[in-house]
Amino acid sequence: MKKQTRKYKIDEYLFNLNVWQYRKAMQILPDLLNISLNTFHNYRRILPESTQDIPYEKVILMEKLFDFQQGTLAYQHPEIESLKSMLIDD
C-alpha cells in the first residue's frame, strides 16, 4: 500500500517519535494549539491538492514546536516572481 503524501509534514514529525512521546504529543498538541483533537487530525489529513489550509498562526506554532525552520512545515512551496518584477514597465 502506497503512503499518501499530505500537504503538511505533521505526520513526518510525529512518526519519528517513540511510542511514549507520540501518545503524549497527541494529548498535549491540541491544547498547545488551542484546537480540538479532531481539528488536529483534520490538519494531519489535508491533501496537497486541497484548498483547505491550516491557519497561519497555527503553522507558526507547529514549526516552533517541531523545531522546523520557518516556512518548512508545508511540503510544497509555490514558485512565483516578485510583484515588483511584474510591475516593471517593458
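The values are calculated or read from the model by the stated rules, or taken from the named source; none is laboratory data. Note that the structure is predicted; figures quoted are calculated from it, not measured. When we count neighbours, we look across all protein chains shown, and the Cβ atoms used for this are built from the backbone with ideal geometry, even at glycine. SASA here: full protein model, heavy atoms, side chains in, ligands and nucleic acids out. Shrake-Rupley method; radii C 1.70, N 1.55, O 1.52, S 1.80 Å.
Results, tabulated for the structure shown:
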quantity: Ile28 being among the aliphatic types (A, V, I, L, M) and touching a Lys or Arg at 6+ places or on another chain (Cβ under 6 Å); calculated: no
quantity: Pairs, first farther than 15 Å from Leu29 by Cα in the range 48-61, second assigned to a loop (DSSP other than H, G, I, E, B) and open to solvent by 70 Å² or more (accessible area, probe 1.4 Å), C-beta under 8 Å, six or more apart; calculated: Pro48/Thr5; Pro48/Tyr75; Pro48/Gln76
